[in-house]
Amino acid sequence: MSMKRREFLKTTAGAAAALGTLRGRAWGQAKPVRIGYTLSATGPYSVGAGITQGPNYTLWQAQANAKGGLLVKGQGRRPIEFISIDDRSEHETAVRFYEKLATDDRVDLMLPPWGTAMNFAVAPVANKYGYPLLGPTAVSNKIKDLQLPYFYALLQQPDQIMGAFAGILKELKAQGKISKIAIAYVNDLFGIELNASAATALKEAGLEAVDVKSYPLGVKDLSPVLKGFKAAGVDAFVGLTYPPDNILATSQAKEVDWNPPVWLAAVGTAFPFYRDRFKGAEGVMGIAGWNPKVKSAGAKEYFDAHVKKHQKEPDRWASAFAYASLQILERCVAEVGLDRPKIKAMVDSTEFQTVAGPIRFVKGSNVSTPGMVGQWQKGEFEIVWPKGLATGTPVVPKPAWA
Amino acid sequence: MAGKLALVLLLMALIAAPEILSPYHRSLALAILADVALAVSWAFFSGPSRYLSLATGAFFGAGAYLTAIVGARVPWPLPVLGGALMGCAMALVVGALALRLRGPYFAVFTFGLAELAKHTLIWYETGVTGTVGRLLLAPPGPWTLYYTVLCLAGLAVVTALLLRRSRWGYALVGIGADEERAETLGIDTTRVKVGTFALSAAFMGAVGAAMAPRWTYLDPQVFNPFVSFQTVIMALLGGATTVAGPIVGAVFLGLASEILLLKFRYFYMLGLGLTLIVVVLALPSGLAGLASRLRPSPSPLPRPQP
């Protein structure tokens with residue numbers, strides 16, 4: 001398979017080169033730009049990696065190579081060659097392979113693996129060898145403690161996400177649509193940080209959760225928690241979840257016959273398969289950041305290209321940021337070439353226009369994208385908060401479970 | 001003589017390795033040495049005593065998380081020592097409770113240990129410290145880690161060799177053969193079992209502590225049952241009743257899985273599985289057994305000295 005793929009790439013590159021020659025330019029000599037990464041194809045990280053990152057990497061590569069390759073300053077277009085392995089969701093394997101990419105393969109650029117812990121594990125390697133690493137799936141308040149100048153985080157961080165949650169809940173409460181908020185969170189780093197940020201954000205908004213419950217990663221039954229919230233008359237459910245527990249909580253809410261006016265959950269809600277699994281999931285809210293209706297240039301084209309290449313829609317949160325990270329690299333390489341310190345300098349000092357909106361980094365964190373809340377409405381995950389970026393208005397109370 | 005010469009050469013190569021190898025190959029050597037230490041220390045208890053322990057992941061995880069907690073606040077070899085003590089202490093408690101269990105019961109109990117440790121830690125971190133996971137900033141350099149793990153692997157091998165030649169080692173074999181008879185013969189079986197189990201756990205904790213700085217960020221998922229299984233597979237693959245067996249198994253599995261992973265992006269799992277099946281079917285006494293089959297050897301155990 002790997003051989004065939006390489007052959008295929010060579011053929012495509014060859015064809016592109018031939019095409020270039022016909023146009024009267026000497027493409028024949030173009031050496032590929034070699035880009036290395038690992039993504040989990042097996043193990044617990046494989047689901048997220050396969051939805052949010054993998055499809056965008058291959059889409060971007062195919063698009064660039066169809067144009068004759070990546071435009072490198074002063075060198076014309078050079079085809080993109082990926083060097084990648086399955087990291088088996090193991091940190092040790094990923095760290096070792098990034099060392100290999102830097103010292104053995106001496107790749108031109110690196111792309112990040114999937115997930116916060118994986119990004120944390122390989123970021124010091126990228127930093128040591130001076131590879132800018134733009135992570136679209138690293139979410140943690142600890143990122144700023146890393147102090148690795150070559151590492152960048154594109155996604156909204158816990159404080160921003162929970163700020164948006166608190167913002168919309170405050171308004172709904174002022175409108176008299178909700179009165180009692182309850183939180184359930186997964187007790188690993190992600191859930192714990194979100195919960196800590198939630199406590200601060202709710203307090204600032206003058207709100208208070210009537211109940212806060214934690215549950216372990218890999219939980220198999222959340223109905224006791226849901227029943228407890230139902231009995232307490234909770235009308236705004238906030239789930240700080242991963243995809244599996246999000247799906248579990250949603251199915252079980254229906255089973256225990258609980259349909260609170262606000263159902264707001266973290267990761268997983270923005271996946272198209274969540275919508276399909278719950279027959280439209282009408283009225284369900286979650287962390288948002290993107291949909292094809294946003295005003296960013298190229299958003300709709302990106303959506304269509306993703307559907308065309310992979311026969312599936314991109315998710316409505318991190319996917320577009322994964323693609324945006326590649327747009328950022330592409331623009332830097334076009335303007336400063338493959339000199340990595342120069343790329344870093346440009347990433348540090350530029351505001352980029354991407355399919356996910358403007359992105360600008362301050363000390364490695366994207367400061368241009370605010371926290372957002374989305375809601376499934378008639379098949380689209382409309383952004384309903386903050387109002388300045390909204391593509392729809394919140395529907396509360398949500399309709400009954402389908 | 002030739003054997004000794006080869007051994008000296010091998011040692012010199014291992015010591016010189018970080019100088020010669022690229023950072024990637026040095027990391028690969030480091031990972032394999034860590035596996036050697038785990039497999040050898042697993043085998044010097046489970047091999048002769050025939051108590052199948054699946055607790056490796058628990059001891060390894062405890063050592064690793066300890067390094068993450070103390071971080072850069074203590075100078076380097078101390079976290080490794082701490083990891084050893086941690087593993088040892090856990091094994092003493094668990095051993096006293098669980099070594100009365102035989103056969104599959106013991107295996108299942110030790111398997112549960114990693115999960116128990118993980119959830120206890122999560123409960124503690126959530127309730128007491130309010131955070132889960134630690135960033136390990138300013139880790140020791142790769143050379144330091146390499147030599148630490150090399151020392152641990154060497155120590156594990158020496159321990160295994162000494163143990164085999166000692167009364168204690170024979171007592172362990174006696175327990176493996178027939179525990180009741182061993183007890184009738186006057187062997188303090190509990191002491192021998194718990195003691196050796198704790199010694200092997202000390203190595204596992206130390207290896208965990210030494211490897212932790214490689215991953216920058218650690219959370220309770222470091223209590224990984226996969227580590228337990230992999231250790232057993234390596235030891236059995238090489239041959240659990242010899243000292244050379246686990247070493248051969250760890251090196252073989254480490255190299256094979258790396259090569260397959262790099263060459264066959266999509267099919268390496270299949271390749272690895274097939275390799276394992278073939279080895280187990282064709283070589284019931286492990287890869288090291290192959291060597292002793294080719295070279296006639298009177299007995300897998302040395303005779304007791306008078």
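The values are calculated or read from the model by the stated rules, or taken from the named source; none is laboratory data. For clarity, every value in this text was computed on a predicted model and none was experimentally measured. Glycine also receives a Cβ, built like all others from the backbone with ideal geometry; neighbour counts cover every protein chain displayed.
List pairs: first residue in the stretch B:266-280 and farther than 13 Å from residue B:255 by Cβ, second residue surrounded by fewer than 11 Cβ atoms within 10 Å (Cβ to Cβ) anywhere in the structure, Cβ distance under 8 angstrom, at least six positions apart or on different chains.
Pairs that qualify, where the first residue is farther than 13 Å from residue B:255 by Cβ and the partner is surrounded by fewer than 11 Cβ atoms within 10 Å (Cβ to Cβ), are B:266/A:1; B:267/A:1.
For every residue, the table says whether it meets (1) within 23 Å of residue A:177 (Cα to Cα); (2) surrounded by fewer than 17 Cβ atoms within 10 Å (Cβ to Cβ); (3) aromatic (Phe, Trp, Tyr); (4) at pLDDT below 95.
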{"position": "A:191", "(1), (2), (3), (4)": "no, no, no, yes"}
{"position": "A:196", "(1), (2), (3), (4)": "no, no, no, yes"}
{"position": "A:201", "(1), (2), (3), (4)": "yes, no, no, no"}
{"position": "A:208", "(1), (2), (3), (4)": "yes, yes, no, yes"}
{"position": "A:217", "(1), (2), (3), (4)": "no, no, no, yes"}
{"position": "A:221", "(1), (2), (3), (4)": "no, yes, no, no"}
{"position": "A:232", "(1), (2), (3), (4)": "yes, yes, no, no"}
{"position": "A:251", "(1), (2), (3), (4)": "no, yes, no, no"}
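Report yes if some residue within the stretch A:337-351 is of a type outside the set (Val, Ile, Thr) and under 21 Å from residue A:274 (Cβ atoms); otherwise report no.
no
Can you give me the ranges of the helices (runs of 4 or more DSSP H) entirely in the stretch A:48-138 with at least 2 residues that are out of contact with any helix residue (DSSP H, G or I) (no Cβ under 6 Å at 6 or more places or on another chain), of a type outside the set (A, V, I, L, M) and closer than 25 Å to residue B:35 by Cβ?
Result: A:91-103, A:116-128.
Specify the residue that is nearest to the other protein chains (Cβ to nearest Cβ); the eligible residues are those in the stretch A:78-96 that are touching a Pro at 6+ places or on another chain (Cβ under 9 Å) and more than 14 Å from residue A:114 (Cβ to Cβ).
Per the stated criteria, the residue is A:95.
Is there a residue being closer than 29 Å to residue A:161 by Cα, crowded, with 24+ Cβ neighbours inside 10 Å and assigned by TED's automatic domain parsing to the domain that holds residue A:332 anywhere in the stretch A:98-111?
yes
Within the stretch A:140-154, take every residue that is crowded, with 24+ Cβ neighbours inside 10 Å and more than 11 Å from every other protein chain (Cβ to nearest Cβ) and give me the one that is farthest from the chain's Cα centre (by Cα).
A:152
Would you pick out the residues in the stretch B:1-58 that are surrounded by fewer than 17 Cβ atoms within 10 Å (Cβ to Cβ), outside any helix (DSSP H, G or I) and more than 14 Å from chain A (Cβ to nearest Cβ)?
B:1
Yes or no, residue by residue, for (1) polar (S, T, N, Q); (2) touching a residue at least 60 places away in the same chain (Cβ under 8 Å); (3) not assigned by TED's automatic domain parsing to the domain that holds residue A:254; (4) not in a strand (DSSP E or B):
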site	(1), (2), (3), (4)
A:300	no, no, yes, yes
A:315	no, yes, yes, yes
A:320	no, no, yes, yes
A:328	no, yes, yes, yes
A:342	no, no, yes, yes
A:346	no, no, yes, yes
A:352	no, no, yes, no
A:383	no, yes, no, no
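Does residue A:283 count as buried (at least 17 other Cβ atoms within 10 Å of the Cβ), without any contact (Cβ under 8 Å) to a residue 40 or more places away in the chain and not assigned by TED's automatic domain parsing to the domain that holds residue A:58?
It is false that residue A:283 is buried (at least 17 other Cβ atoms within 10 Å of the Cβ), without any contact (Cβ under 8 Å) to a residue 40 or more places away in the chain and not assigned by TED's automatic domain parsing to the domain that holds residue A:58.
Is it the case, given these coordinates, that residue B:214 is of a type in the set (D, E, K, R), closer than 21 Å to residue B:61 by Cβ and in contact with a Pro (Cβ under 8 Å, 6 or more places away or on another chain)?
Taking the combined requirement at face value, the residue satisfies it.
Of these, B:126, B:110, which one is surrounded by 19 or more Cβ atoms within 10 Å (Cβ to Cβ) and within 11 Å of another protein chain (Cβ to nearest Cβ)?
Testing whether each residue is surrounded by 19 or more Cβ atoms within 10 Å (Cβ to Cβ) and within 11 Å of another protein chain (Cβ to nearest Cβ) leaves just B:126.
Would you confirm whether any residue within the stretch A:121-132 is more than 10 Å from chain B (Cβ to nearest Cβ), surrounded by 21 or more Cβ atoms within 10 Å (Cβ to Cβ) and not hydroxyl-bearing (Ser, Thr, Tyr)?
The answer is yes; a qualifying residue exists.
Being among the hydrophobic types (A, V, I, L, M, F, W, C), within 14 Å of chain A (Cβ to nearest Cβ), assigned to a helix (DSSP H, G or I) and in contact with a Leu (Cβ under 8 Å, 6 or more places away or on another chain), is that true of even one residue in the stretch B:79-102?
Within the stretch B:79-102 (the criterion being among the hydrophobic types (A, V, I, L, M, F, W, C), within 14 Å of chain A (Cβ to nearest Cβ), assigned to a helix (DSSP H, G or I) and in contact with a Leu (Cβ under 8 Å, 6 or more places away or on another chain)), the answer is no, since none of the residues qualifies.
Got at least one residue in the stretch A:256-266 being touching a Ser or Thr at 6+ places or on another chain (Cβ under 6 Å) and assigned to a loop (DSSP other than H, G, I, E, B)?
Scanning the stretch A:256-266, I find at least one residue that is touching a Ser or Thr at 6+ places or on another chain (Cβ under 6 Å) and assigned to a loop (DSSP other than H, G, I, E, B), so the answer is yes.
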